[in-house]
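The values are calculated or read from the model by the stated rules, or taken from the named source; none is laboratory data. Computed from a predicted structure; not experimentally measured. Every residue, glycine as well, gets a Cβ built from its backbone with ideal geometry; the counts of neighbours run over all protein chains shown. Side chains are part of the model used for accessible areas, which takes the heavy atoms of the whole protein and leaves out ligands, DNA and RNA. Shrake-Rupley method; radii C 1.70, N 1.55, O 1.52, S 1.80 Å.
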Amino acid sequence: HLVESGGGLVQAGDSLTLPCVAHGRVFSNYGMGWFRQAPGKEREFVAAISWDSVTTNFADSVKGRFTISRNNVKNTVYLRMNSLKPEDTAIYYCSAEMFGGATIQAAAYDYWGQGTQVTVSS
């Protein structure tokens, strides 16, 4: 399963890093994604990294501010969020897709974490 952490309450302009640790699978075989869901809104794609780390994708709303990376030794994928804005407030979910190629569609992912809350105050 997947376990996210690192969420919290921050101010606009601050940075935050969300780690997601994978347990029980061959982590290096999985493309990893981050999605988020704000109150009253549908879950949306944020960022993804392919299983071989060759490809990354980002939502237009976070390009230039967020980065995604992975450490296969630690079975962990990271979402680094810079220049946070109040509109980034959401529950952030980690996801895994077998041999995924940095997929942006949520339906493609096989496993999901429970989420971690990020709140950005203005």
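The table for this structure:
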quantity: Cβ-Cβ under 7 Å pairs, at least 6 apart or on other chains, the stretch 34-54 side more than 19 Å from F99 (Cα to Cα), far side of a type in the set (D, E) and part of a strand (DSSP E or B); calculated: R36/E44
quantity: Every residue from the stretch 87-114 that is among the acidic types (D, E) and either open to solvent by 50 Å² or more (accessible area, probe 1.4 Å) or in contact with a Ser or Thr (Cβ under 6 Å, 6 or more places away or on another chain) (or both); calculated: E87, E97, D110
quantity: Leading residue by the ranking (farthest from A12 (Cα to Cα)) among those in the stretch 91-119 that are in a strand (DSSP E or B) and hydrophobic (A, V, I, L, M, F, W, C); calculated: M98
quantity: Contacts under 8 angstrom Cβ, first residue in the stretch 12-27 being in contact (Cβ under 8 Å) with a residue 40 or more places away in the chain, partner part of a loop (DSSP other than H, G, I, E, B) and open to solvent by less than 30 Å² (accessible area, probe 1.4 Å), 6 or more apart; calculated: A12/L84; G13/L84; D14/L84; S15/L84; L16/L84; C20/G113
quantity: Strands (runs of 3 or more DSSP E) (entirely within the stretch 1-71) containing at least 1 residues that are over 18 Å from Q114 (Cα atoms) and in contact with a Lys or Arg (Cβ under 6 Å, 6 or more places away or on another chain); calculated: 44-49, 66-71
quantity: Out of L79, L84, sole residue that is over 17 Å from C20 (Cα atoms), open to solvent by less than 40 Å² (accessible area, probe 1.4 Å) and at pLDDT 95 or above; calculated: L84
quantity: Residues being assigned to a strand (DSSP E or B), in contact (Cβ under 8 Å) with a residue 60 or more places away in the chain and hydrophobic (A, V, I, L, M, F, W, C) - total across the stretch 74-90; calculated: 2
